[in-house]
């Protein structure tokens, strides 16, 4: 449960216990879990490849803020630029999407307020998933990489593919 434990440590004790118990009751869920959605006054949603699991617990705004404080090492101001991008990257390569009201200055987001939702996207390493693709994107003649665009719907593995591409290219001699 190491991968999941990297994420669970950010939750207040009551939510942590609910998530841990749910994962222990559904052992196959740990390897299949893709997202944990935490929304104010809504049930917790665990999204996997196979199904969605709803935990009947209404999250309070103060719990959302506690989670955000932990994500930002108790210094939200220090993470302001990342928060304005509407996501944080945490240890293990996991990403946390942030939903709130944008504060604009001109056409630029300068802050997010009234944060109402956090969406934890769980990173997974799939070694070898890009093996077939790497041959297509490397210009061996010139020793470079072709301009490449990776496109797919959300949750279909773009980041996983990109990480494996990078691993493959880094390991080449």
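At a threshold of 8 angstrom on Cα-Cα distance, excluding pairs fewer than six apart, so keeping six or more, what relative contact order does segment 34-173 reach in percent? Write out the running numbers ahead of the final one.
Working: 202 pairs, mean separation 26.0, N = 140.
Rounded, it is 19 percent for segment 34-173.
Take the alpha-carbon centre of segment 44-66, take the same for segment 18-41, and report the distance between them in whole Å.
If we compute the Cα centre of each part, the gap is 8 Å.
Among bridges DSSP assigns within the chain, what percent are antiparallel (round to 5)?
Details: 29 of 30 bridges.
The antiparallel fraction comes to roughly 95 percent.
Divide the volume of the convex hull of the Cα atoms of segment 69-144 by its number of residues and quote the answer in cubic angstrom per residue.
Working: hull volume 12.3 nm³, N = 76.
In segment 69-144, the Cα hull volume divided by residue count equals 162 Å³.
State the volume of the convex hull built on the alpha-carbon positions of segment 131-171, expressed per residue in Å³ and rounded to an integer.
Working: hull volume 2.7 nm³, N = 41.
It comes to 67 Å³ per residue, whole-number rounded.
With runs of 4+ DSSP H residues as the only contributors, calculate the mean residue ellipticity of the chain at 222 nm using -39,500 (n - 2.57) per run, divided by the residue total and rounded to the nearest 500.
On the way: 7 runs with 63 residues, N = 173.
Counting only the DSSP helices, I get -10500 deg cm²/dmol.
Please list 66-78, 27-39 highest first by mean number of surrounding beta-carbon atoms within 10 Å per residue.
Values: 66-78: 13.8, 27-39: 16.8.
Packing order, densest peptide first, comes out as 27-39, 66-78.
If you bin the C-alpha pair distances of the chain every 10 Å from 0, what whole percents do you get?
In whole percents, the pair-distance histogram is 9, 32, 30, 20, 8, 1.
Read-outs throughout are calculated quantities, based only on the coordinates presented, and are distinct from any laboratory measurement. Remember, it's a predicted structure, so these values are computed and weren't measured experimentally. Virtual Cβ from ideal backbone geometry, glycine too; neighbours counted across all protein chains shown.
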